[in-house]
Amino acid sequence: MVVENRSGASGMIGTEVAARAAPDGSTLLMGSSGTQSINVSLFPSIPYDPVRGFAPVILTVVYPMLMVTPTNRAPGTVAEFIAHARASQGRLNYCSIGTGQPSHLAGELFKSMAGIEMTHVPYRGSAPAVTAAIAGECDVLFDSALSSGPQVRGGRLRALAVTTTSRVGSWPDLPTIAESGLAGYDAYTWTALYAPAGTPAPVVARLNAEVGRILASPRFQETMAAQGAVPGGGSPEDLARFTASEIAKWAAVIRAGDIKPD
């Protein structure tokens, strides 16, 4: 297998190349929550159709986010943070790794469901956003457990909750936002394999079976657990339904927040 990185335009350059590739199973796209579910609502137009342009193969990895705050902030739970935000009357802010990124949308979803006001402060990437949170430049950050987790374990950030509906094995004692008062809250990043539309069903089925075997292997499971991630799996039909649900969820958040790309 040859990995060909085509970066740029929020992943749309490489995604378009994959969509236009021959549908013979020799070219696959490692899609993401951005390329396959967010971009279609964030940008006025995109050069591919995330549904009709691809044959879903398999969900590969789910990356939970952590809701983290500076260690010197008073709120120690999600409920306390919400109460503090309401009492602050819009004076709090939340940082993200960039406008339209899952980190940003997770914050917008939290605002909406909690009925609070906070100012969004975007940074260019996870490293500067995490640094800003440690320095106390923002009141809360929703960020991948992979990047913010080491800062939490090192005592430089405080984790209030994990953003998925179920607790994560690598953070067993950390409650979810959903169980902390915002029932139904669910936000994360993810990756999945897609083939160009028109790829024969037997080829897709073979790819699904082979990749599924790898995802279920102890070595892969252990590697993902060490990164705070959750291995995927399921059928191509499962991924098709999942993609559609993610598109609908983030479209609603983007419309409600009137979010525009930078």
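Note on region 36-169: Kirkwood hydrodynamic radius from all Cα pairs is 15.8 Å, rounded to one decimal. Counting only DSSP beta bridges with both residues in region 63-180, the antiparallel share comes to about 55 percent. Extension gain, Thr99 to Ala205: 0.36 nm times the residue separation minus the Cα-Cα distance gives 34.5 nm. Highest mean packing comes first when the peptides 217-224, 249-256 are listed by Cβ atoms within 10 Å, giving 249-256, 217-224. Taking a Cβ cut-off of under 14 Å around Asp139, the surrounding Lys, Arg, Asp and Glu residues balance to a net charge of +1, with basic ones at +1 and acidic ones at -1. With the simple model of a label 7 Å out from the Cα in the direction of the Cβ, Asp238 to Ala183 spans 2.7 nm. In the chain, a dipole from Cβ-located charges (positive for Lys and Arg, negative for Asp and Glu) runs towards its positive end, and of Met1, Pro44, Met224 it is Met224 whose Cα lies farthest in that direction.
Between the helical axis of 102-114 and the longest alpha-carbon principal axis of the chain there is an angle of about 50 degrees. Based on DSSP H segments of at least four residues, each scored -39500 (n - 2.57), the chain has a per-residue ellipticity at 222 nm of -11500 deg cm²/dmol.
In summary, region 211-256 shows an alpha-carbon radius of gyration equal to 1.51 times the 2.2 N^0.38 Å reference for compact globular proteins. Summary of packing: across the peptides 98-111, 174-187, the per-residue average of other C-beta atoms within 10 Å ranks them, highest first, as 98-111, 174-187.
For Thr77, Thr69, Thr165, the sequence from fewest to most other C-beta atoms within 10 Å is Thr77, Thr165, Thr69.
Taking a point 7 Å from the Cα of Asp173 along the Cα-to-Cβ direction, none of the residues of region 70-109 has its backbone N closer than 12 Å to it. A simple spin-label model places the labels of Ser45 and Ser245 3.3 nm from each other, with each point 7 Å out along Cα-to-Cβ. Estimated at 0.36 nm per residue, the fully extended path between Ala83 and Arg52 surpasses their Cα-Cα distance by 6.8 nm. Each peptide in 83-89, 27-33, 129-135 gets a packing score, the mean of other Cβ atoms within 10 Å over its residues, and the list from highest to lowest is 27-33, 129-135, 83-89.
Rg/Rh for the chain stands at 0.98; both radii use Cα atoms, and Rh follows the Kirkwood definition.
Bear in mind these aren't lab numbers, they're just calculated from the coordinates by the rules spelled out. On a predicted model such as this, the values are computed, not experimentally measured, just so you know. For neighbour counting, all protein chains shown are included, and Cβ atoms are generated from backbone atoms with ideal geometry for every residue, glycine included.
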